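The values are calculated or read from the model by the stated rules, or taken from the named source; none is laboratory data. For clarity, every value in this text was computed on a predicted model and none was experimentally measured. Reconstructed Cβ throughout: ideal geometry from the backbone, glycine too, with neighbour counts over all protein chains shown. These accessible areas exclude ligands, DNA and RNA; they are computed on the full protein's heavy atoms, side chains included. Shrake-Rupley method; radii C 1.70, N 1.55, O 1.52, S 1.80 Å.
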Amino acid sequence: MSFTASALILTWVALLLLGLVVAGLVRQVHALQRDLPAAAARRTPQGRIGAVVPPIHGIDTARVRLLLLLDADCSACAGLLAGVRTTLSSRVVRDHIALLYADGTDPTAAEVGAPVVAGADDVFTAVGATALPYGVALDADGRVAAATPVGGVSQLLPLIAAAGLDLPDHARPEVAQ
């Protein structure tokens with residue numbers, strides 16, 4: 001067999017293998033597309049609206065209307081706590097906001113003035129927390145009214161409004177005229 005004939009056969013074998021690989025990838029993409037809507041329905045960035053929040057030790061969900069789900073090792077969580085401490089009134093924080101941690105707590109969390117709860121991983125699961133820090137507004141029945149990842153106090157303001165809490169004048173968003 002000549003060199004040209006050997007090269008031609010080897011090229012056809014390589015093309016056949018490449019075709020099988022592409023066919024396998026196409027099959028996987030179609031399987032992912034078919035499963036994507038079901039996965040998105042299970043967990044959306046906006047959380048599980050209407051979900052019942054499980055009982056939280058030491059927290060009255062009829063009084064507390066906003067839950068902040070945090071992690072002790074999260075720098076964005078620490079920044080959010082600092083913003084809450086300086087922007088929101090102590091009455092709003094003390095009476096209507098609770099800080100929840102799945103594991104241990106941040107030592108500076110107590111300075112905010114809101115109740116701090118460790119070991120609340122069942123709440124993280126129930127509300128579908130996708131990223132931390134995560135804010136959850138509760139309605140009067142203790143169900144999730146709104147939920148979303150929050151990176152700062154400005155992203156927390158719509159949740160405060162959804163929870164029906166009064167904002168201090170200096171924390172109200174500017175209205176464009």
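What's the extension gain from Ala82 to Ala7 if we count 0.36 nm per residue and subtract their Cα-Cα distance?
20.2 nm
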Worksheet item: When only the heavy atoms of the protein chains count and the probe is 1.4 Å, how do Phe124, Phe3 rank by accessible area, highest first?
Response: Phe3, Phe124
Worksheet item: Under the Karplus relation 6.51 cos²θ - 1.76 cosθ + 1.60, θ = phi - 60°, what is the ordered set of whole-Hz ³J(HN,Hα) values for region 123-128, x standing for Gly and Pro?
Response: 5, 4, 6, 5, 8, x
Worksheet, complete the sentence: Karplus-derived 3J(HN,Hα) from phi for region 15-30 (6.51 cos²θ - 1.76 cosθ + 1.60, θ = phi - 60°), whole Hz, x at Gly and Pro, runs 5, 5, 5, 4, x, 5, 5, 5, 4, x, 5, 4, 4, 5, 5, 5
Worksheet item: Tell me, what is the FRET efficiency for Thr130 and Leu18 to the nearest 0.05, using R0 = 30 angstrom and their Cβ-Cβ distance as r?
Response: 0.20
Discussion item. Order Ser89, Ser75 by their accessible area, 1.4 angstrom probe, all chains in place, largest first.
Written reply: Ser75, Ser89
Worksheet, complete the sentence: So for R0 = 25 Å, FRET eff. of Cys74-Asp166 from the Cβ-Cβ r, to 0.05, ends up at 0.35
